[in-house]
Amino acid sequence: MSENAKIDYTTFEATVERSRKLDEDLVKNPDKYRVLTGDRPTGRLHIGHLFGSIQNRVRLQRLGVETFIVIADYQVLTDRDSFDSISDNVIQLAIDYMAAGIAPDNGKTFIFPHSHVPELNQLVLPFLTLVTNAELDRNPTVKEEILASGQKKINAGMYIYPVHQAADILFCKGNVVPVGKDQLPHLELTRVIARRFNDRFAARKPVFPEPQPLLSQSPLIMGLDGSQKMSKSRNNAIMLSATEDETANLIKKAKTDADRLIEYDLQKRPEIANLLLIASLCLGRAPEEIAREIGNGGAGALKKMLTESINEYLRPMRKKRLELESNMDYIRQLIKNGVQKARQIGSETLEEVREVMNMKI
Ligand code: TRP
């Protein structure tokens, strides 16, 4: 059994602990790791993404870890009918990444849509033979997405996209995957696929690593309605690309409560606590301290200071965003570079895969 196969992922606590240790080692040995992470191109990024995952990626990049970011455009087809805006969303996503500090011009960070990397997609076929229908059927994240999509007819792509995600991760032998809790079942499946592939075809010399999840340490940001996760489709999000006035208007409408005294109390005052949390992330100060400062100023004062702190915090990113938007050729070129790198690595992996599977001619 390889060292990785002994890792205990059976409980969430064990995963958190393991992720913490991994984080420590990433700082010490950035060269040992290749980060693979990704998003679906369903729209622009909001501050929930920024504080939840993007900043963590920027941090890893600054440690000097090689980083591959897959834009999962095929996955968009699993839960919605529309596809007209996919290519625009891909470009806008890349612009958001770069405005937030992802640097695909540093020679170590690569952004690519997986539809452009045939070598990656080809791995889906052998991988599909390593999992059972029952395993795909019981994936809790897929189940939730099926419910949320509201679709009556579920396409097979929905059930197999976690296998596709394994190909996204393994084609470049990514060994660290920064994820939120909802993605853990997918990562577990990726680990299972890597293990079964190695056991079946490459027992003597494993082809794939068993990638480890790196859980984000930032707290979950709720939407401005205070009751559900921030998300563009729920209309409760502050987009990176919003103007300062749009931001002010959104915060004006944010849900609060009738109590004038501002306190940081997650249980009893969730809406106020969420606004304080966002302010604290922008200001780099404790939410309790900000609450004390506002004291009896009420929700009005809190909203005013939140608007100012968000707009100030996002100002340099928004400026960069506008500059990038006026240079589409440059963005396209960086994505093409990412595709080229991904294809080169993917064809090396595919060669190895054919070799161990006795498919060389
Ligand atoms: N499934 C992820 C999501 O819905 C997106 C994704 C696709 C991904 N491929 C990936 C994430 C590989 C991490 C690694 O957000």
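The values are calculated or read from the model by the stated rules, or taken from the named source; none is laboratory data. The shown structure was predicted, so the numbers you read here are calculated from the model rather than taken from an experiment. Here the Cβ positions follow ideal geometry from the backbone for every residue, glycine too, while neighbour counts run over all protein chains shown. Protein only, heavy atoms only, side chains kept; ligands, DNA and RNA dropped before computing areas. Shrake-Rupley method; radii C 1.70, N 1.55, O 1.52, S 1.80 Å.
Of the helices (runs of 4 or more DSSP H) contained entirely in segment 1-113, those carrying at least 3 residues that are within 15 Å of the chain's Cα centre (by Cα) and of a type outside the set (Ser, Thr, Tyr) fall at 55-62, 86-99.
Output yes when any residue across segment 324-336 is aromatic (Phe, Trp, Tyr), at pLDDT 95 or above and in a helix (DSSP H, G or I), and no when none is. If you could, list the steps in order and put the result at the bottom.
Quick first cut of segment 324-336, residues aromatic (Phe, Trp, Tyr) only: 330.
Keeping just the survivors that are at pLDDT 95 or above gives 330.
Those still in the list that are in a helix (DSSP H, G or I) too: 330.
Checking segment 324-336: at least one residue is aromatic (Phe, Trp, Tyr), at pLDDT 95 or above and in a helix (DSSP H, G or I).
For segment 36-44, indicate whether the set of residues that are at pLDDT below 95 and either of a type in the set (A, V, I, L, M, F, W, C) or open to solvent by less than 20 Å² (accessible area, probe 1.4 Å) (or both) is non-empty. Looking for residues that are at pLDDT below 95 and either of a type in the set (A, V, I, L, M, F, W, C) or open to solvent by less than 20 Å² (accessible area, probe 1.4 Å) (or both), one finds at least one in segment 36-44, hence yes.
Looking only at residues of segment 236-290 that are more than 30 Å from Lys320 (Cβ to Cβ) and among the basic types (Lys, Arg), we find that the one that is least open to solvent (accessible area, probe 1.4 Å) is Arg269.
Quick one: in segment 174-213, of everything that is within 16 Å of the ligand (Cβ to nearest atom) and part of a loop (DSSP other than H, G, I, E, B), which residue is nearest to Glu13 (Cα to Cα)? Residue satisfying both the conditions and the ranking: Gly180.
Looking across segment 151-173, the residues that are closer than 27 Å to Val65 by Cα and within 12 Å of the ligand (Cβ to nearest atom) come down to Tyr161, Pro162, Val163, His164, Gln165, Ala166, Ala167, Asp168, Ile169, Leu170, Phe171, Cys172.
The listed residues are Pro126, Pro118, and the only one of them that is more than 16 Å from the ligand (Cβ to nearest atom) and either open to solvent by 40 Å² or more (accessible area, probe 1.4 Å) or hydroxyl-bearing (Ser, Thr, Tyr) (or both) turns out to be Pro118.
Condition test on Val131, is it open to solvent by less than 60 Å² (accessible area, probe 1.4 Å) and farther than 22 Å from His186 by Cα? Even if it seems obvious, please write down each step before you answer.
Values: open to solvent by less than 60 Å² (accessible area, probe 1.4 Å): yes; farther than 22 Å from His186 by Cα: no.
So Val131 does not fit the description; no.
Against the list (1) at pLDDT below 95; (2) more than 16 Å from the ligand (Cβ to nearest atom); (3) buried (at least 21 other Cβ atoms within 10 Å of the Cβ); (4) not β-branched (Val, Ile, Thr), the condition Gly226 fails is (3).
The set of residues in segment 102-115 being of a type outside the set (Ser, Thr, Tyr) and open to solvent by 20 Å² or more (accessible area, probe 1.4 Å) consists of Ala103, Asp105, Asn106, Gly107, Lys108, Phe110. The numbered conditions (1) farther than 26 Å from Arg20 by Cβ; (2) hydrophobic (A, V, I, L, M, F, W, C); (3) within 12 Å of the ligand (Cβ to nearest atom); (4) at pLDDT 95 or above are all true for Ala148 except (4).
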